[in-house]
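A.B. asks: This is the structure I have questions about; it appears just below.
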Amino acid sequence: NADRTHESAALIAFHYEAAGEAERAAMFAAHAARWLGPKNSTEATQYWHKVRALMAQAPHSAENDTLRIEASGQIAWVGWREGLTPEKARPFVQEALHWAQNHDDSLTPLLLLVEGRIAQVNGGPADAFVQQLRRAVGLAEARGDVGRVATLQAALSHAYGWAGLLLDALAASDRALANVDQVTDFDHQFLGYSVLHWVQALRGRILVRLGRFEAATACLDTIININGLIDPTVQFIAHRGYVDMAWCLDDAAMAAEHAAKVGQLADRHGSVYLKAYHLASTATALG
């Protein structure tokens, strides 16, 4: 099944583990986790736990250490979609940060994003999220990593949006888009989705909140009209943006239509995170 490596990765990992080849098993388990992430965060998390366990006794090498860091970071990053609390996520983030600081410090900025996002999504202050992302951007800039800076500027745009600093959010979005073509496959895989798609979706909501509805529509429609695999936690942002716009325009029908779309994504992917947004969007439509 050489043409179906994604679908076969979990099975290949099983056979390598049975054969006692832990490192090869971990590599394919990680492949399975990355592929499953946009479709089923629960199963993806289970495979990241498998990777972490398989790598526990593996010798140090650049590849092994990066996989260790990625596994612990992803358990936290993917887990928040399923309601992983900061207290439960913290040991994995701290473990990943320890490995990064000792073996691959280039990953530290991404891990700071994970730590900040988990705290914020569980009710932490948006201003703290902004400060965490500014720190992460500074570290990536000091390394001259243009692509990672673009990834983190996208995240900073998200943080500014939560903090209500909409013009700052738009400026961070501009900076992300300016170098989004430099973002590496690793960053896309780490996030679980396209940075470009994420920036465009976030930008659409920012523009709605600024009252720039025509420009917002162009961004939101770009995301909605994408054919093929797109992470539901990115795709829903466009529909949520239209719910916001509908509220501004007092258009109950538009709000109901896009709230229902969020519900369809939640049902299709079994996401607790999206179910919460479906309820919030429906409340807006009914209000």
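The values are calculated or read from the model by the stated rules, or taken from the named source; none is laboratory data. The shown structure was predicted, so the numbers you read here are calculated from the model rather than taken from an experiment. Cβ coordinates were reconstructed from backbone atoms using ideal geometry, including for glycine residues, and neighbour counts include every protein chain displayed. With ligands, DNA and RNA removed, areas are computed over all heavy atoms of the protein, side chains included. Shrake-Rupley method; radii C 1.70, N 1.55, O 1.52, S 1.80 Å.
A.B. asks: If you fit an axis through the alpha-carbon atoms of helix 232-249 and take the longest principal axis of the Cα set of the chain, what angle between them do you get, 0 to 90°, nearest 10?
C.D. replies: Tilt relative to the chain: about 10 degrees.
A.B. asks: Against the longest alpha carbon principal axis of the chain, how many degrees, from 0 to 90 and to the nearest 10, is the axis of helix 126-142 turned?
C.D. replies: That works out to roughly 50 degrees.
A.B. asks: Can you run phi through the Karplus equation (6.51, -1.76, 1.60; θ = phi - 60°) for the stretch 81-94 and list ³J(HN,Hα) in whole Hz, with x for Gly and Pro?
C.D. replies: Taking θ as phi minus 60°, the curve returns 5, 9, x, 4, 7, x, 5, 6, 7, 3, x, 6, 5, 5 Hz for the stretch 81-94.
A.B. asks: With a 1.4 Å probe and all protein chains left in place, how much of the accessible area of the stretch 74-165 comes from carbon and sulfur atoms, in whole percent?
C.D. replies: Ligands and nucleic acids excluded, carbon and sulfur reach 51 percent.
A.B. asks: Work out how far the C-alpha atoms of the stretch 33-188 reach from end to end along every principal axis, then list the three figures in whole Å, largest first.
C.D. replies: Principal extents (Cα only, largest first): 47, 33, 27 Å.
A.B. asks: How charged is the neighbourhood of Leu113? Take every other residue with its Cβ under 13 Å from the Cβ of Leu113, and add Lys/Arg as +1 and Asp/Glu as -1.
C.D. replies: Result for the neighbourhood of Leu113: +2.
A.B. asks: In addition: Taking the chain as the region of interest, what is the percent of Cα-Cα pairs per 10 angstrom bin, listed from the shortest bin to the one with the maximum distance?
C.D. replies: The percentages, shortest bin first, are 7, 27, 36, 22, 8, 1, 0.
A.B. asks: So how do Asp250, Asp185 rank on accessible area, 1.4 Å probe, biggest first, that is with the largest at the start?
C.D. replies: So the residues, ranked largest to smallest area, are Asp250, Asp185.
A.B. asks: What angle, in degrees between 0 and 90 and rounded to the nearest 10, separates the Cα long axis of helix 5-18 from the longest principal axis of the Cα atoms of the chain?
C.D. replies: With rounding to tens, the tilt is 30 degrees.
A.B. asks: Per residue, how much accessible area does the chain show when a 1.4 Å probe rolls over the protein heavy atoms, in square angstrom?
C.D. replies: Solvent-accessible surface per residue comes out at 45 Å².
A.B. asks: Hey, another quick one. Between the stretch 232-278 and the stretch 80-119, what is the separation of their alpha carbon centroids in Å?
C.D. replies: Computed from Cα coordinates, the inter-centre distance equals 29 Å.
A.B. asks: Among the listed pairs Lys88/Lys261; Lys39/Lys275; Lys50/Lys88, which are separated by more than 22 Å between their Cα atoms?
C.D. replies: Result: Lys88/Lys261 exceed 22 Å.
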